[in-house]
Amino acid sequence: MTARDAPAGWFARPRAWLNLHSRSVRLRLTLIYGGLFLVLGVVLLALTYLLAAHHFPVLVSTSRGATSPAAPAQFRPAESWFANQAAQQRDATLRSLLTQSGIALAITTVISIALGWIVAGRVLRPLRDITVAAQQISASNLHERLRMNGPDDELKELGNTFNRLLARLEGAFDAQRQFVANASHELRTPLARQRALVEVALADPGLTIDSLRAVCARVLVAGEQQERLIEALLTLARSNRGLDRRQPIDLARITDEVTRSRQPEAELRSIRVETGLSPAWALGDESLVQRLVVNLVDNALRHNVASGWVGISTTVRQGRAILSVANSGPVIDPALVSGLFEPFRRAGAERTRSEDGIGLGLSIVRAIVTAHDAQVRARAPAGGGLEVQVRFPPAPHLAQPAAPASAGPAGRDQVRAAGPDPGS
């Protein structure tokens with residue numbers, strides 16, 4: 001049978017083996033071990049040969065066929081013969097030394113390659129375990145972890161790092177599933193309300209123009225709630241994606257515009273708004289920062305008490321632009337403050353609905369803060385309400401005014417230093 005008639009598998013297996021092992025770290029390490037051993041063996045053999053050739057005894061002379069001029073004439077032929085024999089013996093011995101040493105070097109090189117293959121396999125075994133685990137990991141078994149045994153070396157640290165990566169991925173997937181479930185629930189509620197309103201109106205035999213107008217108005221309200229939720233979800237997704245570019249923004253100007261736009265709502269709720277705005281420049285996306293300020297101010301107005309207050313300030317400390325929003329309101333358990341920044345999480349019961357909000361305001365704040373590499377800190381004072389402080393990263397090339405020595409207006413006195421980081 002010729003090579004052309006042979007089954008394809010006969011040649012496919014060697015080809016596959018060569019393709020596999022040509023990219024194998026184990027093979028490369030083995031070849032490196034064997035190559036270094038061979039090079040060092042050749043150097044050792046050459047040094048041994050040169051030392052032996054230099055110190056090998058010569059009976060009469062180092063020159064083949066030379067005789068001593070002091071020797072009697074009758075002994076000179078014998079002396080020449082002995083010198084030739086000694087030189088031949090020396091050459092034969094050196095050749096034998098070189099040949100036998102070369103054979104020994106070849107044998108030990110083969111042995112070193114075999115031992116290098118075994119040792120490299122044992123050293124790289126944890127890497128194979130990590131590779132197999134990574135190939136088998138999917139969204140359904142992110143809870144599995146590598147069991148790394150042995151000494152605390154680089155390979156064990158690699159396995160522990162991989163386990164920590166799996167833990168972060170598992171948390172991210174769980175948060176995504178929970179977010180999708182919550183978003184679906186929040187979107188389904190106004191849809192069900194709209195459907196119920198329309199069905200009741202159509203089933204009413206005494207439907208009039210006025211009642212139809214009332215139904216349409218209620219449907220529009222439910223639609224506006226959906227629009228707010230969708231807009232919030234889009235803002236949250238945009239914030240999580242990060243910033244494409246950063247531009248200088250005046251935090252005081254944006255905060256002043258938002259505060260003025262929310263003044264009618266504050267008066268409607270009988271809430272006193274006090275501001276202390278100093279120029280504060282930062283780098284970021286102006287539309288996202290505006291959304292951040294809007295959400296903080298709206299959160300302070302909506303989760304407040306009658307005849308309450310809201311304190312808003314902007315300042316610069318150590319080159320950082322800082323926005324502080326504090327408000328009066330119901331007493332919040334300090335252990336629940338960090339949970340307020342989770343999507344669809346409200347103070348009190350997790351699924352408690354609010355007529356004013358959809359539960360995404362502070363989660364959007366945290367996403368925007370993360371996109372700007374900023375920090376958000378919040379605390380719940382003992383007297384009630386919430387204090388939130390956002391610190392933007394320093395922008396050295398932007399001229400920042402110095403912070404005023406005094407607190408200024410009375411409203412700023414009520415915006416106290418924020419507490420510990422809520423873990424956002």
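Can you name the number of the only condition in (1) open to solvent by less than 30 Å² (accessible area, probe 1.4 Å); (2) at pLDDT 80 or above; (3) among the aliphatic types (A, V, I, L, M); (4) within 30 Å of GLN318 (Cα to Cα) that LEU277 fails?
(1)
Between residues in segment 82-106 that are within 16 Å of THR48 (Cβ to Cβ) and residues that are polar (S, T, N, Q) and surrounded by 13 or more Cβ atoms within 10 Å (Cβ to Cβ), which pairs lie under 8 Å by C-beta distance while being six or more apart or on different chains?
Close Cβ pairs (under 8 Å, with a partner that is polar (S, T, N, Q) and surrounded by 13 or more Cβ atoms within 10 Å (Cβ to Cβ)) amount to LEU97/THR48; SER101/THR48.
All but one of (1) open to solvent by 40 Å² or more (accessible area, probe 1.4 Å); (2) at pLDDT below 75; (3) over 30 Å from LEU146 (Cα atoms) hold for PRO190, so report the exception by its number.
Unmet condition: (1).
Looking at LEU36, LEU20, LEU44, which one is open to solvent by 100 Å² or more (accessible area, probe 1.4 Å), modelled with pLDDT of 80 or more, over 15 Å from LEU115 (Cβ atoms) and not hydroxyl-bearing (Ser, Thr, Tyr)? Even if it seems obvious, please write down each step before you answer.
Values: LEU36 fails: over 15 Å from LEU115 (Cβ atoms); LEU20 fails: modelled with pLDDT of 80 or more.
Every option except LEU44 fails the conditions.
Do any strands (runs of 3 or more DSSP E) entirely within segment 266-339 hold 3 or more residues that are in contact with a helix residue (DSSP H, G or I) (Cβ under 8 Å, 6 or more places away or on another chain) and free of Cβ contacts under 8 Å to residues at least 60 places away in the same chain, and if so, which? Talk me through it step by step, then tell me what you get.
Working: elements: 272-277, 281-284, 309-317, 320-327.
Fully inside segment 266-339 and qualifying: nothing.
Scan segment 247-256 residue by residue and report those that are free of Cβ contacts under 8 Å to residues at least 40 places away in the same chain and surrounded by 14 or more Cβ atoms within 10 Å (Cβ to Cβ). Steps first, answer last, please.
Let us first name the residues in segment 247-256 that are free of Cβ contacts under 8 Å to residues at least 40 places away in the same chain, namely 247, 250, 253-254, 256.
Residues satisfying the conditions are ASP250, ARG253, ILE254, ASP256.
Looking at ALA326, ALA266, ALA300, can you tell me which residue is modelled with pLDDT of 90 or more and either under 17 Å from PRO393 (Cβ atoms) or surrounded by fewer than 22 Cβ atoms within 10 Å (Cβ to Cβ) (or both)? Explain how you work it out, then say what you get.
On the way: ALA326 fails: either under 17 Å from PRO393 (Cβ atoms) or surrounded by fewer than 22 Cβ atoms within 10 Å (Cβ to Cβ) (or both); ALA300 fails: either under 17 Å from PRO393 (Cβ atoms) or surrounded by fewer than 22 Cβ atoms within 10 Å (Cβ to Cβ) (or both).
It is ALA266.
Only one residue in ARG412, ARG416 is among the basic types (Lys, Arg), open to solvent by less than 70 Å² (accessible area, probe 1.4 Å), at pLDDT below 60 and under 29 Å from SER270 (Cβ atoms). Which one? Even if it seems obvious, please write down each step before you answer.
Numbers: ARG416 fails: open to solvent by less than 70 Å² (accessible area, probe 1.4 Å).
Result of the check over ARG412, ARG416: ARG412.
Could you list, in sequence order, all residues of segment 329-369 that are at pLDDT 85 or above, more than 30 Å from PRO394 (Cα to Cα), open to solvent by 20 Å² or more (accessible area, probe 1.4 Å) and not aliphatic (A, V, I, L, M)?
Within segment 329-369, PRO330, ASP333 meet the criteria.
What's the total number of residues in segment 129-175 that are in a loop (DSSP other than H, G, I, E, B), open to solvent by 70 Å² or more (accessible area, probe 1.4 Å) and aliphatic (A, V, I, L, M)? Write out each step before concluding.
Our first condition is that a residue be in a loop (DSSP other than H, G, I, E, B); within segment 129-175, this holds for 137-153.
Add one more test, that the residue is open to solvent by 70 Å² or more (accessible area, probe 1.4 Å), and what stays is 140, 143-145, 147, 149, 151-152.
Then keep just the ones that are aliphatic (A, V, I, L, M); that gives none.
Going through segment 129-175 one residue at a time, the tally reaches 0.
Looking only at segment 312-323, which residues are open to solvent by 10 Å² or more (accessible area, probe 1.4 Å) and not small (Gly, Ala, Ser)?
THR315, VAL316, ARG317, GLN318, ARG320
Restricting attention to segment 134-170, which residues are in contact (Cβ under 8 Å) with a residue 24 or more places away in the chain, of a type in the set (Gly, Ala, Ser) and over 21 Å from GLY121 (Cα atoms)?
ALA139
Quick one: ALA201 ticks every box in (1) among the small types (Gly, Ala, Ser); (2) open to solvent by less than 50 Å² (accessible area, probe 1.4 Å); (3) at pLDDT below 80; (4) over 15 Å from LEU233 (Cβ atoms) except a single one, so which number is it?
Of everything listed in (1) among the small types (Gly, Ala, Ser); (2) open to solvent by less than 50 Å² (accessible area, probe 1.4 Å); (3) at pLDDT below 80; (4) over 15 Å from LEU233 (Cβ atoms), ALA201 misses just condition (3).
The values are calculated or read from the model by the stated rules, or taken from the named source; none is laboratory data. Owing to the predicted nature of the structure, the values given are computational and were not obtained by experimental measurement. Backbone-built Cβ (ideal geometry, glycine too); neighbour counts: all protein chains shown. Heads up: the accessible areas ignore ligands, DNA and RNA and are worked out on the full protein's heavy atoms, side chains in. Shrake-Rupley method; radii C 1.70, N 1.55, O 1.52, S 1.80 Å.
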